[in-house]
1. Is it the case, given these coordinates, that residue 164 is surrounded by fewer than 19 Cβ atoms within 10 Å (Cβ to Cβ), in contact with a strand residue (DSSP E or B) (Cβ under 6 Å, 6 or more places away or on another chain) and more than 24 Å from residue 122 (Cα to Cα)?
2. Among the listed residues 280, 259, which satisfies the condition of being more than 13 Å from residue 345 (Cα to Cα) and either under 29 Å from the mean Cα position of the chain (by Cα) or in a loop (DSSP other than H, G, I, E, B) (or both)?
3. Kindly establish whether residue 602 is modelled with pLDDT under 85 and surrounded by fewer than 16 Cβ atoms within 10 Å (Cβ to Cβ).
4. So if I check each of 490, 479, which one is surrounded by fewer than 20 Cβ atoms within 10 Å (Cβ to Cβ), assigned to a helix (DSSP H, G or I) and touching a strand residue (DSSP E or B) at 6+ places or on another chain (Cβ under 7 Å)?
5. Read through the list (1) modelled with pLDDT of 85 or more; (2) in contact with a strand residue (DSSP E or B) (Cβ under 9 Å, 6 or more places away or on another chain), then give the number of the only condition that residue 466 fails.
6. Read through the list (1) in a helix (DSSP H, G or I); (2) at pLDDT 90 or above, then give the number of the only condition that residue 729 fails.
7. Condition first: within 23 Å of residue 585 (Cα to Cα) and either touching a helix residue (DSSP H, G or I) at 6+ places or on another chain (Cβ under 8 Å) or buried (at least 20 other Cβ atoms within 10 Å of the Cβ) (or both). Now tell me which residues in the stretch 625-652 satisfy that.
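The values are calculated or read from the model by the stated rules, or taken from the named source; none is laboratory data. Because the structure is a prediction, the values reported are computed rather than measured. With ideal geometry, Cβ positions are generated from the backbone for all residues, glycine too; neighbour counts draw on all protein chains shown.
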């Protein structure tokens, strides 16, 4: 609109104080002549003003001469004030005259002219141009036909529709947009005065002028007549309502369903058939399959993008029992290949006596048996092309096969050769064959591979086409359980091996760490050998950490569960994680509000998170983002997850997601196996994820992995939610208070130490002796019992290994309790506490100290037991 120009005196529009040019005289012909005359009049007025400017100039010259030639000293100050005032009046009058000179036409106050004016005038829809105050600058012929004011001038839209019902809000929005220089669009209803036309509906749009005209603040209004469209829509709705009324009163049932099977319309007859109200059926909670006695999924599966009609016989669940009906079902054309909706007519099936009716009834009964069968059934021709199939077959293969598709196209490529040989054998033998195992192609989102056993029989009846009848028994869940059982057996075997190795290592590490503590007790921090001993102990502790991973994997590690808040634990761990991840990996941790508590071993929880973070870092060599998210999972949410091995319960979720290279599908099922790794030999041992798996399972939780190559991997850990009692919360606070005090680890009493490893026994005897205890030592259970018999004094505490030759620790303790009941017991072992606790009498009170342990840990355990 930059070339849409204004000239002449300002037009304030309807309701303004100044004169307003009639827009009807602004475009062409006589109207243009009138406009030209108005322009000439303006020019003449300006020229007349030049004469006035000359008089003012003479006046100014005379005033200046008075200053120069006259002696004003006699006049005093009043003379100077008089001359100065006249000069000021003349100056400002001249400036005002120059400012009022006509300049190049601009958009602001005046009339729209030129090509733009002709274009707007010729629009069939009403058009209006207003200034920033809302005054009318231009209105085309179509707008003027809507109405003029008492002076035959066009009015702003607000005045034009003043008094109209139901348009106040829309008018306010439009006017506000125009004042703010914004665009808006509203629908308005216009009722003209009586006798001046019919009611009309407009789509009113306001848009600020742009380009060079933007600074004027003017806006253009366009009113598109929607009357015909609204009338057509109303008439169409009346027609639809009439047809729906006919359909509701029809003597047959009718329903329509979405592609998901959800009902979106039913007539009254269909609602009566099933004994429910139409409103209830279309509430969004009912699917057609919910109203059918039996499985009819094969009949309600829409064909991908195809139209189709089929006739089926089913039994509806009526208010007084099954209702036998026949359904004529039509599938609407689908859009973009997506499944289409269905429209169905439902009729009662009548009893007839003629032979044809009996034959039809037999066919109906067979159809019900065929489609309600719990095994998949399909017919094939001799080339393996699919014919008819039942509901179980459709469910197993993941959808209704396309017409003319081959059975072999539904199975994985590796099984197709065996399938062809099997079907060829059925044709050549002319009888039944089977079974063979088949694996079907997985649909996107399926977690469990679909498998089945196939049986086949060849049919070549007189008058019919030769065909193969295929019977499929779904073995998906069975195969999944078999694979899980085999995996658990393999994990158990490797776990037993790892546990045995870990036990032997723990004995060695106990001696190494213990003797290091004894050496450190005799050396000051400044001694030259002090740092060497510390290096030995630190490396022994690193080895102990590796052994703990082996035990965690084998689930033979002794856990010390504590009630933890994951929000606090991950906050404390975040600094360590940031250092582990490095600068190229961004760490983001988010928590749900009111996160539930969990009862887990704190050290093992940290091990799980660290292992997953390190794996994620290695998968993001070029950097990326690691996101750790926590959330509560209700029992309902857990059930909806549909994880077969995870029962519905309250859980707390830890989700670890990276943006790395992802895990290939063929590797995803093996990642929790011990020693399985895709990393270089120098980077991975294959124990990281198997350790995570072992810790999570030992804690009573569940872990699942999801991955997409080149996009990233997500691990979801579900830990049982723990609901803490008030007593437990108070005890936890008290324990924290006690931990702040420095413990006294010295004591008195007689201790019987039973340990078959010489190095461990020697260290323990020396450690306890330096703490003030009298120690009796034995290398086996037999020797320990002999010492008990020969020792006349009291034995306050027995510290015993669990696994020993000839007689193990629990057996020795059982006999000792018979001789000296009430003796306090501490078991020490490289195995977990659960490995032997079940073999003890429940009445036996004992404590457990896992190997490897330090001097301080041994002394603290003894001190606690003796008190």
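1. Details: surrounded by fewer than 19 Cβ atoms within 10 Å (Cβ to Cβ): yes; in contact with a strand residue (DSSP E or B) (Cβ under 6 Å, 6 or more places away or on another chain): no; more than 24 Å from residue 122 (Cα to Cα): yes.
Considered against the rule, which asks whether it is surrounded by fewer than 19 Cβ atoms within 10 Å (Cβ to Cβ), in contact with a strand residue (DSSP E or B) (Cβ under 6 Å, 6 or more places away or on another chain) and more than 24 Å from residue 122 (Cα to Cα), residue 164 comes out as no.
2. Details: 280 fails: either under 29 Å from the mean Cα position of the chain (by Cα) or in a loop (DSSP other than H, G, I, E, B) (or both).
Of 280, 259, the one residue that is more than 13 Å from residue 345 (Cα to Cα) and either under 29 Å from the mean Cα position of the chain (by Cα) or in a loop (DSSP other than H, G, I, E, B) (or both) is 259.
3. So residue 602 fails the test.
4. Working: 490 fails: touching a strand residue (DSSP E or B) at 6+ places or on another chain (Cβ under 7 Å).
Testing whether each residue is surrounded by fewer than 20 Cβ atoms within 10 Å (Cβ to Cβ), assigned to a helix (DSSP H, G or I) and touching a strand residue (DSSP E or B) at 6+ places or on another chain (Cβ under 7 Å) leaves just 479.
5. In the conditions (1) modelled with pLDDT of 85 or more; (2) in contact with a strand residue (DSSP E or B) (Cβ under 9 Å, 6 or more places away or on another chain), residue 466 misses (1) alone.
6. (2)
7. Correct list: 626, 628, 630.
Results for (1) surrounded by fewer than 21 Cβ atoms within 10 Å (Cβ to Cβ); (2) modelled with pLDDT of 90 or more; (3) out of contact with any helix residue (DSSP H, G or I) (no Cβ under 7 Å at 6 or more places or on another chain), shown as yes or no for each residue.
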{"position": "817", "(1), (2), (3)": "yes, no, yes"}
{"position": "824", "(1), (2), (3)": "yes, yes, no"}
{"position": "831", "(1), (2), (3)": "no, no, no"}
{"position": "840", "(1), (2), (3)": "yes, no, no"}
{"position": "846", "(1), (2), (3)": "yes, no, yes"}
{"position": "852", "(1), (2), (3)": "no, no, no"}
{"position": "866", "(1), (2), (3)": "yes, no, yes"}
